[in-house]
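Heads up, the thing below is written out as structure tokens.
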């Protein structure tokens, strides 16, 4: 009998099946579950944005676009970033439209990692960062972030993690799963460390428009940072366009040329219909962003205050749409808490251990649900906690 395992590359075995998606599968099979687990906007893509995508089907030839993406979309992305953060990118050499930020990660890591090259990754973090580094032959080097430090990385820990094999510091703020944001002071120190070590900064800023009471710090807009920063962004969270799969990379032209090689041979170009919808989002989507932001902020305040009132100590998140409470007071770890809550009260949250170091004794609560669902879920959580 053929041993098909023998055909699989060794690096694949270094990556476990995502505990996050395994947990979602269990929750989806249960009736009456309220999921505060999936990090996806509960809003529909605004009708005018969706219509722009579908109108393109009838009005224009829907073939491949340029590998880098529609020139009109790259122009709009460049103007958008410049308007928000005061940093400009050349639409011909420095912007690549990708199939979401997921493909952007693949392009970047595949292009910069030789076997054994190291990428510093503060954790807890989005579940895909580490696997994408490993799939590209790189080695993730973990730096732990704690609630005591507002879930920001300590720059001295980053400096201590640098070796002669380090290629880049990877950061993702606003952060999934903690909802933390990066202060300007910490961001400047990270850029300084990268300059001293002559390494890159890769910054996933997919949640840049979902910040509350503060200004988002765009890494590439910091003094002297643009040339060594690879900026990742997209449309999934800001415009409720997860299924449209459009993201982008902004970077130095020489770097972008390398990223483009991976992109053009893997996918040719991002979906054309989705690119037209993304273009419409940048042109007409701002009122929707404002409305959605206000609703998320109200939910955020309710969730954080409720968690703390229930005795689940919760750092105040100022970005994205997640809260990351400690469940240490229950005597359970995150996996035990999430499983018990799901079985007993049909509320799904995600064990913090799914997101790497620093996640133990926490769970992720996503507040991208209607207030009615959130309020019902918290009634159930309150009932659940009475046993402890």
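The values are calculated or read from the model by the stated rules, or taken from the named source; none is laboratory data. Given the structure is predicted, the values throughout are model-derived calculations rather than measurements. Methodologically, a virtual Cβ is constructed for each residue, glycine included, from the backbone with ideal geometry; neighbour enumeration extends over all protein chains shown.
Key figures
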{"read-out": "Residue match in region 232-245 (condition: under 28 Å from residue 286 (Cα atoms) and either surrounded by fewer than 19 Cβ atoms within 10 Å (Cβ to Cβ) or modelled with pLDDT under 95 (or both))", "value": "yes"}
{"read-out": "Candidates 335, 297 - the one that is modelled with pLDDT under 95, part of a helix (DSSP H, G or I) and on the phi < 0 side of the Ramachandran plot", "value": "335"}
{"read-out": "Qualifying residue in region 203-213 (condition: over 14 Å from the mean Cα position of the chain (by Cα) and outside any helix (DSSP H, G or I))", "value": "yes"}
{"read-out": "Qualifying position, being touching a residue at least 40 places away in the same chain (Cβ under 8 Å), crowded, with 22+ Cβ neighbours inside 10 Å and in contact with a strand residue (DSSP E or B) (Cβ under 6 Å, 6 or more places away or on another chain), among 356, 334", "value": "356"}
{"read-out": "Test: residue in region 99-109 that is outside any helix (DSSP H, G or I), over 20 Å from the mean Cα position of the chain (by Cα) and not assigned by TED's automatic domain parsing to the domain that holds residue 324", "value": "no"}
{"read-out": "Members of region 300-331 that are part of a helix (DSSP H, G or I) and out of contact with any strand residue (DSSP E or B) (no Cβ under 8 Å at 6 or more places or on another chain)", "value": "301, 302, 305, 306, 308, 309, 328, 329, 330"}
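Residue-wise test of (1) more than 21 Å from the chain's Cα centre (by Cα); (2) exposed (fewer than 14 other Cβ atoms within 10 Å of the Cβ); (3) closer than 13 Å to residue 281 by Cβ; (4) not assigned by TED's automatic domain parsing to the domain that holds residue 231.
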position: 38; (1), (2), (3), (4): no, no, no, yes
position: 51; (1), (2), (3), (4): yes, yes, yes, no
position: 55; (1), (2), (3), (4): yes, no, no, no
position: 60; (1), (2), (3), (4): yes, yes, no, no
position: 64; (1), (2), (3), (4): yes, yes, no, no
position: 72; (1), (2), (3), (4): yes, no, yes, no
position: 77; (1), (2), (3), (4): no, no, yes, no
